[in-house]
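Engineer: The structure follows.
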Amino acid sequence: MSLAKPWRDLDRSTVGSAPARYGLYELGDDGRETVRFGTGVLRDELKEALTYEPDATRVRWETADSAAHAERLLAEHVDE
C-alpha cells in the first residue's frame, strides 16, 4: 500500500531537503506508479536512487525513529 503522502519530484533539490534520518521511502515513475519501497537514512538512500534508479522520477517518505522502526513501517506497507 502506498504512503499517504504527496509525491515530490526526485531531483537534487528534494534530495537536499530530505532529512538525514532513518525512514521508509517510496519511489514512483512518471505515471505515479510505485517503482519500489526502501528503508535507510533518507538523504543517503535518495542520493543513490537519483543516480541508480532511472525509472524513478517521484518520491515520498515517512521518517522513523530507528532502522528497526523503518523496517516495521516497510512491513506494514508491504503486507497491506
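The values are calculated or read from the model by the stated rules, or taken from the named source; none is laboratory data. Since this is a predicted model, take the numbers as computed values, not measurements. Positions of Cβ are backbone-derived with ideal geometry, glycine not excepted, and every protein chain shown enters the neighbour counts. For accessibility, only protein heavy atoms count, side chains too; no ligands or nucleic acids. Shrake-Rupley method; radii C 1.70, N 1.55, O 1.52, S 1.80 Å.
Engineer: Arg12: in contact with a strand residue (DSSP E or B) (Cβ under 6 Å, 6 or more places away or on another chain), of a type outside the set (A, V, I, L, M) and open to solvent by 70 Å² or more (accessible area, probe 1.4 Å), yes or no?
Structural biologist: Here the answer is no, as Arg12 does not meet what is asked.
Engineer: Looking at the stretch 23-80 only, could you name the residues that are over 11 Å from Ser2 (Cα atoms), surrounded by 14 or more Cβ atoms within 10 Å (Cβ to Cβ) and polar (S, T, N, Q)?
Structural biologist: Passing the criteria: Thr39, Thr57, Thr63.
Engineer: Name the pairs whose Cβ atoms lie under 8 Å apart, with the first residue in the stretch 43-69 and touching a residue at least 24 places away in the same chain (Cβ under 8 Å) and of a type in the set (Asp, Glu), the second surrounded by fewer than 17 Cβ atoms within 10 Å (Cβ to Cβ) and in a strand (DSSP E or B), and 6 or more positions between them or separate chains?
Structural biologist: Glu53/Arg36
Engineer: If I filter the stretch 2-18 for residues that are free of Cβ contacts under 8 Å to residues at least 24 places away in the same chain and β-branched (Val, Ile, Thr), do I get at least one hit?
Structural biologist: No, the stretch 2-18 contains no residue that is free of Cβ contacts under 8 Å to residues at least 24 places away in the same chain and β-branched (Val, Ile, Thr).
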